[in-house]
Structure formats: structure tokens, C-alpha cells
Amino acid sequence: MHRGKGMKFVGDSRVVAPEYRKKQNIPKDYSEYPGKTEAFWPNFLLKEWMVGAVFLMGYLCLTIAHPAPLERMADPTDAGYIPLPDWYFLFMYQLLKYPYAAGDYTVLGTVVMPGLAFGALMLAPWLDRGPERRPTKRPIASGLMLLAVIATIYLTWESVDQHDWEAAAQQGAIIEHEIDQDAQGYEIYAAQSCIGCHGNQMEGGSAGYALVETGLSVEEIKEIVINGRGAMPGGMFDGTEEELEILAQYIANDGNDSEQ
């Protein structure tokens, strides 16, 4: 009988092979597979985080270098004010200027067209399910993305180019207005608790409109104080007729007892 003949070696599942210990935490080499994909963790996800971090730092630098411009407090009674959305909505703002997306076709410009555009981008992974990663070999996905980028850039540029920036700066400028707090009208203004809604400088607040440069006459102001208007209820003034006249004169003269 030869040495070792007839002997069998049986592995024990309780013993971990040295090769498995070395390779269990190493992702597979996916380069051998068709399409040359890569492991989601950590290869792909790490790249996504790095790109996101670069863009985040870029946006932070922009916000520090160019702070958001502040305008005066919103006045719903100013029908001449032309609002302008933030930069990332300028392409939608420009789209609504065209005849086929405004007026009788507002629903088309605000719901249908954006819905089709964003829906096509969301469905792109299902419309083109090929394994290729080169844009030239994925015409459907690449075409939809290229069309979206071109349309967004063009509409944004047109919106910026056509907007009257000088007029916008004037209509939104913050006007510092000093009122005469030593006047008799201000004493009545404070005694009637008008400060709570209209502010210490009559600048307005979340609960009340600004009372400077209203363009209202004395009689109109008295009518509003007595009967109210909009969100302001009537019956709030409990002073005398003389005090009401002084208060109305004070508001009509933009915080002064007499016209300057």
C-alpha cells in the first residue's frame, strides 16, 4: 500500500480559510464585466460625495462674496411693483412671457410644459437602459439632458437680458424714513397701540402695512381707522374726535404734525 492512498481530507466549516479573511473586505474587480461598472460602495458613492462637496463650497463662497440683496418690505397695495424670482426660477419666469405660455395658456406654461420636461428627465433611466457610460452611446438620455440644459440656459439669459434692472432697483430700494416721535400725533399713535402692528417707525410689519408714503388723504385715513380695511378691523380707535384728526394728519404727513 502506497503512502497516503485511500486517505480523504474533509474541510471544517468552522475554520475560516486564510484567503477569505484577506479578501472579505475588498470589493470585487468589476472591470472584467461588460459595461465596466464599479462598486457602489465606496467607489461610486465617494466620487458623488466629492463632487457634491466641491459644488457646496462653491455656493458657500458665492453667498459670502455676494450676499442676497434686500428690498423694502412687501406692500400688497403697490400694483406697480414687478417681482423677480430667484435665479434658479428665471427660466420659468421667462417662459411665462411668451404668448403660448401665458394668458389663456397659463396652465400650459406652468403645468404641462414643465411637467413634460421634468417627467422626461425622470424617465430617462428607464427610456435608455443600456450599460454604456459614454454619452455618445446613450443618445436618448444624452439628448434629453442636453435639450434641458440648452433650454434652461437660453431662457435664463433672455430673462436677465430683458429685465429692467434699474427700475427694479428703484422700486425695491429701502427708503430710510425718520418720523417725528416728539410730535403729538406720535403720542396718540403709541397710546392707541398702533406700534404693535405698524411698527415703531410706521414701517409696517407682519401684522400691518407701512403708514409712510401711503398717498391717502386725511379723510381716507380717518375712514380706515374707524371702519377698518382688509386685515385691519374697525372700532380699534377709542380716542376723541380731535385726537383722531391729529392722528390722521400725522399719518398723512408721513410722521409729522404738519407738512414739511
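No lab work stands behind these numbers, since they all come straight from the coordinates. Computed from a predicted structure; not experimentally measured. Note that each Cβ is placed from the backbone with ideal geometry, even for glycine, and that neighbours are counted across all protein chains shown.
Based on alpha carbons, the Rg and Dmax found for region 145-184 are 20.5, 66 Å. Between A39 and V149, full extension at 0.36 nm per residue minus the direct alpha carbon distance yields a gain of 36.7 nm.
In a simple Cβ point-charge model (Lys, Arg +1; Asp, Glu -1; nothing else charged), region 44-144 has a dipole of about 680 debye relative to its Cα centre. Computed from the C-beta positions of F237 and V160, the FRET efficiency with R₀ = 45 Å rounds to 0.40. Averaged over residues, the count of other Cβ atoms within 10 Å places the peptides 52-63, 217-228 in the sequence 217-228, 52-63, highest first.
Counting 0.36 nm for each residue step from L56 to C197 and taking away their Cα separation leaves a gain of 46.8 nm. The slack in the chain from Q171 to T63, taken as 0.36 nm per residue of separation less the alpha-carbon distance, amounts to 36.5 nm. 7 Å from Cα along Cα→Cβ at both R134 and L46: what's the point-to-point distance in nm? Modelled inter-label distance: 2.7 nm. Working ranking of peptides 182-189, 235-242, 108-115 by packing, defined as the average number of other Cβ atoms within 10 Å per residue, highest first, is 182-189, 108-115, 235-242. Entry note, region 184-252: relative contact order of 35 percent, from Cα contacts under 8 Å with a spacing of 6+ residues.
The alpha carbons of region 184-252 stretch over 29, 23, 22 Å along the principal axes, in descending order. The alpha carbons of region 85-162 give a radius of gyration and a Dmax of 14.7, 45 Å, in that order.
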